[in-house]
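Below is one structure; the comments refer to it alone.
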Amino acid sequence: MVDQPSSKPIATNPIPDLNTVAFAVEGPAYSSESETHVAYRPQSLYLVGTDGVIAAVLTPDDPQYHAIRAELARLNRLTSLADGQVLLPGFSDLHLHAPQWAQAGAALDEPLERWLGRYTFPTEARFADLAYADRAHRHLVQATLARGTTSVLYYDTIDRAAAVNLAHVCTELGQRGFIGKVVMDDPESNPEYYREDTATALAETERFINEVREFAPDSGLDAAPPIVQPVITPRFIPSCTDAALEGLGELALRYHCFTQSHCSESDWEHHTVFDRYGRSDTEALDMFGLLTDRTVMHHCVYLSESDADLFARRGAAVAHCPLSNAYFANAVAPVRRYRRQGVTVGLGTDISGGYDPSVHAMVRLAAIVSRNLESGVDASREAAERGGVADALVTLDRAFYLATVGGTEALGVRAGRLEAGYAWDVQLIDVHAPGNDLPIFENDEDPAITFQKIMNLSTPANIRAVWVQGRLAHGTLA
Ligand SMILES: [Zn+2]
């Protein structure tokens, strides 16, 4: 944490034509300066273009600051933040099963097999009722936007129409949605009432890709990608036939699509895949063409050094889901090692393997579980024999980096930093918001301390407004 204003020069573009500036926001901000440091910038003027991209960032020592500020105020395009308000980049949630929102918080004492069979598959199958799906999707997208989540990598269900509905809901409500129609075709491992045959699963996936791309065409701009994108989504290897995995790999290549799946999540999954192919989950996914530079794999708790090297070589990313892993993974993912090996890592809630829809909560949990990983947890053993892993700590600053920069890099979106050329995907925090819990009693508190309080103790009450690609998607500036 840099507790004083950063002395690094701030990247700015030349001052744009103010006719192309949709609005400007003036106030303080926190943004990752590096993987280990979150920088506090006391007060700056952010000019946001009509394309939703930050056109320029001006600090008060810029000779043009006051003239530009005055002109924007005259044009009624300036918002000046009140005392206690501060900007953060929006967060990315790299793993969320949208239909499981309908059962979030329930059945977490069950073992995985019963959790899937008795609760999860029936819950997902209900989304074939589109009116029900639409109601649940809207509630979820609003709930996550209200928690500062600007981008989400979703699983939906095997039902194409339900997944298309989620794409429409994200578009309408203004959240960046990467959406997967799930494939699970193996008759041995899936219930008859919630399964497609291989040919249907592949044809429906291809149709899904085309339908989503039709209403959300690519602008060709890095910082203004389509608001929703289709994602090729085998549930995980144990639920799919080889023919489906091969077919999905071919679709990924042909359509240059994102892919996602669960990878080495638990002892059971890790060993099941090894027994089937005589190779790791990572190697098997790669064999089917599903590990690319447009891939996010979920959990990845058991990657060997060579697995993680393969992730790094392919440019594939990992979604670290600390809460879900506590219930279903049997271990803590060694995030710091993956980062040292050059793997892109972001955070995921994994609703509803985890119950909490907040990436703020995942920032805290990533820090907490890393402490257990570093120390080991069996108190009956001496410290040296407790099984701790050296250099495993994820500080709040590092976790914030994963939630902002890591998540957006995984999704190929130029966002996650408050710099010129980045999309205006932003959450406005109000430390004095009515009904909030932050214990801030001094007007001149060290910004480094305030940052830590925001990360550890903020609630949705503190999130006053959220923009995605320059569009106000939650809250109000009044
Ligand atoms: Zn999952």
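Couple of notes before you dig in:
- Sorted into 5 angstrom bins from 0, the C-alpha pair distances of the stretch 339-415 split as 3, 15, 19, 21, 18, 12, 7, 2, 1, 0 percent.
- The stretch 156-189 residues near the modelled R135 label - backbone nitrogen below 16 Å, point 7 Å along Cα→Cβ: none
- Using a Förster distance of 51 Å, the FRET efficiency for E113-R74 (Cβ separation, nearest 0.05): 0.20
- These residues, S375, S380, go from largest to smallest accessible area, 1.4 Å probe, as S380, S375.
- Other-chain or far-sequence residues with amide H under 5 Å of F258's (modelled H): I232
- Each 10 Å bin, from zero up to the one with the longest distance, holds this percent of the alpha carbon pairs of the stretch 90-134: 24, 48, 25, 3.
- Per-residue HN-Hα couplings for the stretch 295-307 [Karplus 6.51, -1.76, 1.60; θ = phi - 60°; Hz; x = Gly/Pro]: 10, 10, 9, 9, 6, 6, 6, 10, 5, 6, 4, 6, 4
- For the chain: accessible area per residue (Å², 1.4 Å): 39
- Unit Cα scatterers, Debye sum, the stretch 201-264: log10 I(q)/I(0) for q = 0.15, 0.30 Å⁻¹: -0.50, -1.35
- Our summary gives the chain a relative contact order of 19 percent, counting only alpha carbon pairs under 8 angstrom and 6 or more residues apart.
- Under the criterion of Cα pairs below 8 Å and six or more residues apart, the relative contact order for the stretch 257-320 equals 39 percent.
- Gap separating the Cα centres of the stretch 9-82 and the stretch 317-395, nearest whole Å: 36
- The peptide list 384-397, 39-52, 306-319, put in order of mean Cβ contacts within 10 Å with the highest first, becomes 306-319, 39-52, 384-397.
- The C-alpha atoms of the chain define a longest principal axis, and helix 447-457 lies at about 40 degrees to it.
- Here the 3J(HN,Hα) profile of the stretch 107-124, calculated from phi with Karplus coefficients 6.51, -1.76 and 1.60 at θ = phi - 60°, is 6, 6, 7, 7, x, 3, 4, 6, 4, 6, x, 8, 10, 6, 5, x, 4, 5 Hz, Gly and Pro shown as x.
- Interchain or long-range residues, amide H under 5 Å from T344's placed H: V318
- Taking the longest Cα principal axis of the chain as reference, the axis of helix 198-215 is set at about 20 degrees.
- Between 0 and 90°, nearest 10: helix 267-277 axis offset from the chain longest Cα axis: 60
- Cα principal axis extents for the stretch 344-478, largest first, Å: 56, 40, 30
- Only Lys, Arg (+1) and Asp, Glu (-1) charged, at Cβ; the chain dipole about Cα centre in debye: 840
- Amide H contacts under 5 Å for A465, placed H, 5+ residues apart: L428
- Rule-of-thumb Rg ratio for the stretch 131-224 [Cα; 2.2 N^0.38 Å; N residues]: 1.18
- Gyration tensor verdict on the stretch 109-151 (Cα atoms; rounded if a/c is under 1.5, prolate if a/b is larger than b/c, oblate otherwise): oblate
- Computed [θ] at 222 nm, helices only, for the chain once each DSSP H run of length n ≥ 4 contributes -39500 (n - 2.57): -10000 deg cm²/dmol
- Over all Cα atoms in the stretch 314-375, the spread is summed up by Rg and Dmax: 11.3, 32 Å.
- Within the accessible area of the stretch 91-411 (1.4 Å probe), percent carbon and sulfur: 50
- Estimated vicinal HN-Hα couplings, Hz - the stretch 325-330 in sequence order (Karplus 6.51, -1.76, 1.60; Gly, Pro = x): 4, 5, 8, 10, 9, 6
- Radius, Kirkwood style, for the stretch 41-172 when every pair of distinct Cα atoms is counted (Å): 18.2
- With the convex hull of its Cα atoms as the shape, the chain has an orientation-averaged projected area of 23.1 nm².
The values are calculated or read from the model by the stated rules, or taken from the named source; none is laboratory data. Quick caveat, the model's predicted, so the values are computed rather than measured. Reconstructed Cβ throughout: ideal geometry from the backbone, glycine too, with neighbour counts over all protein chains shown. What goes into the accessible areas is simple: the full protein's heavy atoms, side chains included, and nothing from ligands, DNA or RNA. Shrake-Rupley method; radii C 1.70, N 1.55, O 1.52, S 1.80 Å.
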